[in-house]
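Computed from the coordinates by the stated procedures, all read-outs in this text should not be read as laboratory data. This is a predicted model, so every value here is computed, not measured. Backbone-built Cβ (ideal geometry, glycine too); neighbour counts: all protein chains shown.
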Amino acid sequence: MSLSRNDLTEVVLREEYEVNLLTIAEIEKKYHTSDTTVTKLLSQFNIPQIRRSRKSYQAMNTLTEKILRTEHIDNFLSISKIAQKYNTTADVVEGLLEKYNIPKYALRNNSRIFSILTEDVLRQEYEVNLLTMAEIEKKYHVRDEVIAQLLDKYGIEKIRDRTFRKRADLKLTPIQEQLVYGSLCGAAGVYADINNHTTSCSFEVSHTMKHVDYVLWKRDILKEWIPFEEPYKLDKSCTPENPDKYHPSAMIYTFVAPIFNELRELFYPNGIKVISTKVLEPMNELALAVWFMDDGSRNSKIIHISGKWTDQELSDIRTWFNDRWDIEIDKVAVDNEGSMDLVFNKVAACTLANIVRPYIVPCMEYKIEGIGIYRTFN
């Protein structure tokens, strides 16, 4: 039976080209079609073209997946060395690596390095000592691509949160903790690094450029937790009222660490921020001042703290202000959008201002100027 172009399905073409190792010209002749048609079909079916000569056939039949993995992954032979050993071309070897889905490693090091970095040594450094590939590279004077190759060879899983795990013993200082608590009651957040497909969390702060000095004050307190050298990152944000109108803001964020995962669980028990009694109980005057600087405002001698809270949150917040600070919240104002204001009348505002005044940064003093009695707190 005579074969034709219509017989060249993807399965047939792969069989002829990748298994039987026919050339494009041979397929053309066998199926009574043109080389242009065969080339187009290879492209259409995503079959990589392999440049090969007659003398390559024997080598291609010899280089099975098992042999190629042994030579490239276990014996550390480069593509050019394999081509030379099996009397073929680098293009053929590269094509077979793609066919068998074998990672290509362009660089190799001498055998001494590989004899030192045995599986036991690499597991100790990577899984127990939690060194990154870059740190192992530096320690053993070898390229990180070789480390990646060895991890593949030994079946050692690449773990994204290695550095995260190394920070398990890092704790916030008391001042840092109060800053973070107050900020999380306000405008800050603790978020997972979804761009890197991980649940490891970091702490993030963003304020308008008007309050950039406030951001820098927070940065100074958290400086050992900040992973970048710039004073802040320029961010663009919008408000719910004007989702299409963006304005620049100054942002800082920490590196990921287990402590921030703990805070995520505390402040976001169901994935939504909740200001609960557990959150409020540890907070002192500094945390209260930060919360006020984040979300507080004034209207003459009256102070407002803005946000959105459930009935239970409002009850916990009212109780905390009353029991902890002897401040009674006058009322809660709610607008049409559901935003709320805790309203502190003149007496309550005076008490609140006197509590937070020692901790107010200069750029935020306008929020309490002229409210309360000026006196020093130890």
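Output wanted: per-residue J couplings in Hz (rounded whole) for segment 288-305, from phi through Karplus 6.51 cos²θ - 1.76 cosθ + 1.60, θ = phi - 60°, x for Gly and Pro.
Taking θ as phi minus 60°, the curve returns 4, 5, 5, 4, 5, 5, 5, 10, x, 8, 9, 9, 6, 9, 9, 10, 10, 10 Hz for segment 288-305.
Relative to the present Cα-Cα distance, how much length would full extension add between ALA25 and ILE272 at 0.36 nm per residue of separation? Before the final figure, lay out the partial values.
Numbers: separation 247, 0.36 × 247 = 88.92 nm, distance 6.37 nm.
Computed gain between ALA25 and ILE272 is 82.6 nm.
In debye, nearest 20, what is the charge dipole magnitude of segment 274-378 about its Cα centre with +1 on Lys and Arg Cβ and -1 on Asp and Glu Cβ, if you could check?
360 debye
For ASN336 and ILE47, FRET efficiency with R0 = 56 Å and r from the beta-carbon atoms, rounded to 0.05?
On the way: r = 61 Å, r/R0 = 1.10.
My answer for the efficiency is 0.35.
What Kirkwood hydrodynamic radius, in Å, does segment 1-49 give when the mean of 1/r is taken over all pairs of distinct Cα atoms and then inverted? Don't skip to the answer; put the middle values down first.
Details: mean 1/r = 0.0956 Å⁻¹.
Across segment 1-49, the inverse of the average 1/r is 10.5 Å.
Considering only Cα-Cα distances, which of the following residue pairs are longer than 20 Å: LYS210/LYS233; LYS158/LYS223; LYS218/LYS301; LYS301/LYS331; LYS301/LYS367; LYS66/LYS99?
Values: LYS210/LYS233 14 Å; LYS158/LYS223 29 Å; LYS218/LYS301 27 Å; LYS301/LYS331 15 Å; LYS301/LYS367 10 Å; LYS66/LYS99 13 Å.
Over 20 Å Cα-Cα: LYS158/LYS223; LYS218/LYS301.
Using 0.36 nm per residue, how much length does the chain from LYS346 to LYS85 gain when fully extended, once their Cα-Cα distance is taken away? Each step should come with its number before you reach the end.
Numbers: separation 261, 0.36 × 261 = 93.96 nm, distance 8.86 nm.
Taking 0.36 nm per residue and subtracting the Cα distance, the gain is 85.1 nm.
As a footprinting exposure proxy, order PHE267, PHE203, PHE255, PHE228 by other Cβ within 10 Å, with the fewest listed first. Write down the numbers at each step before the final one.
Working: PHE267 21, PHE203 28, PHE255 18, PHE228 10.
Taking fewest neighbouring Cβ atoms as first place, the list is PHE228, PHE255, PHE267, PHE203.
Can you sort ARG123, ARG219, ARG264 so the residue with the fewest Cβ neighbours within 10 Å comes first? Walk me through the numbers on the way to the answer.
Numbers: ARG123 14, ARG219 17, ARG264 22.
Exposure proxy ranking, most exposed first: ARG123, ARG219, ARG264.
In nm, what is the difference between 0.36 nm times the number of residues separating ILE67 and TRP325 and their Cα-Cα distance?
Details: separation 258, 0.36 × 258 = 92.88 nm, distance 7.51 nm.
So the extension gain works out to 85.4 nm.
Where a ≥ b ≥ c are the square roots of the eigenvalues of the C-alpha gyration tensor, would you call segment 111-159 rounded, which needs a/c under 1.5, or, failing that, prolate if a/b is larger than b/c, or oblate?
On the way: a/c = 1.33, a/b = 1.15, b/c = 1.15.
Note, shape of segment 111-159 comes out rounded.
Please compute the Cα-Cα pair-distance distribution of segment 274-378 with 10 Å bins starting at 0, giving whole percents from short to long.
15, 52, 30, 4, 0
Determine the distance separating the Cα centre of segment 281-298 from the Cα centre of segment 311-378; give it in Å without decimals.
For segment 281-298 versus segment 311-378, the Cα centre distance is 8 Å.
For Cα pairs less than 8 Å apart in space and 6+ apart in sequence, what is the mean separation divided by the residue count of segment 274-378, i.e. the relative contact order in percent? Please list the in-between numbers first.
Working: 131 pairs, mean separation 31.4, N = 105.
So the answer I get is 30 percent.
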